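In what follows, a single structure is set out as structure tokens and then discussed.
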Amino acid sequence: MKFLFIIITLLSLNLDKVHAQSTSVKYVSIDLLNRSANSIPLVIEGVMKPNLSPFSRSGVSCKVGTRIWAKERKELLFVVSEEMDGTEIIVNKRLSELERNKKGDQ
């Protein structure tokens, strides 16, 4: 009987560890906005390769640490963090900021 109790206890401890590991992956929801008249192709790791239409909003759920790239420019726009949960990101504005920073570096 003690043997059975020990087995059940060990199994339950192991299941708690598995549950803790599976819940440690954090997802956040963000809205990607395009307020320009041009489409913006993106690459979102592990999700999809969306094309933000002109004057559009696209909601996406990503793991913390996911990188989002501007497809045509092959530039990293940002890395998803927990602080971004529920925020709106104006992608065309971020692209403009990157362009200005590039020109300033030259």
**Condition met for VAL80 (in contact with a Ser or Thr (Cβ under 6 Å, 6 or more places away or on another chain) and modelled with pLDDT of 95 or more)** = yes
**Prompt:** over 19 Å from ASN92 (Cα atoms), surrounded by fewer than 13 Cβ atoms within 10 Å (Cβ to Cβ) and either of a type in the set (Gly, Ala, Ser) or in contact (Cβ under 8 Å) with a residue 24 or more places away in the chain (or both), is that true of SER61?
**Reply:** yes
**Item:** Residue match in the stretch 84-95 (condition: assigned to a loop (DSSP other than H, G, I, E, B) and within 16 Å of ASN38 (Cβ to Cβ))
**Value:** no
**Asked** Considering GLU75, GLU83, which residue is surrounded by 12 or more Cβ atoms within 10 Å (Cβ to Cβ) and either under 12 Å from the mean Cα position of the chain (by Cα) or free of Cβ contacts under 8 Å to residues at least 24 places away in the same chain (or both)?
**Response** GLU75
**Complete:** Scanning the stretch 1-34 for residues that are out of contact with any Ser or Thr (no Cβ under 9 Å at 6 or more places or on another chain) and outside any helix (DSSP H, G or I), the one modelled with the lowest pLDDT turns out to be MET1
**Prompt:** Just for the stretch 56-83: of the residues that are of a type in the set (D, E, K, R) and assigned to a strand (DSSP E or B), which one is farthest from LYS26 (Cα to Cα)?
**Reply:** GLU75
**Asked** Any chance the stretch 49-58 includes a residue that's within 23 Å of LYS102 (Cβ to Cβ) and surrounded by 14 or more Cβ atoms within 10 Å (Cβ to Cβ)?
**Response** yes
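The values are calculated or read from the model by the stated rules, or taken from the named source; none is laboratory data. The model shown is predicted, which means the values in this text are computed figures rather than measured ones. Reconstructed Cβ throughout: ideal geometry from the backbone, glycine too, with neighbour counts over all protein chains shown.
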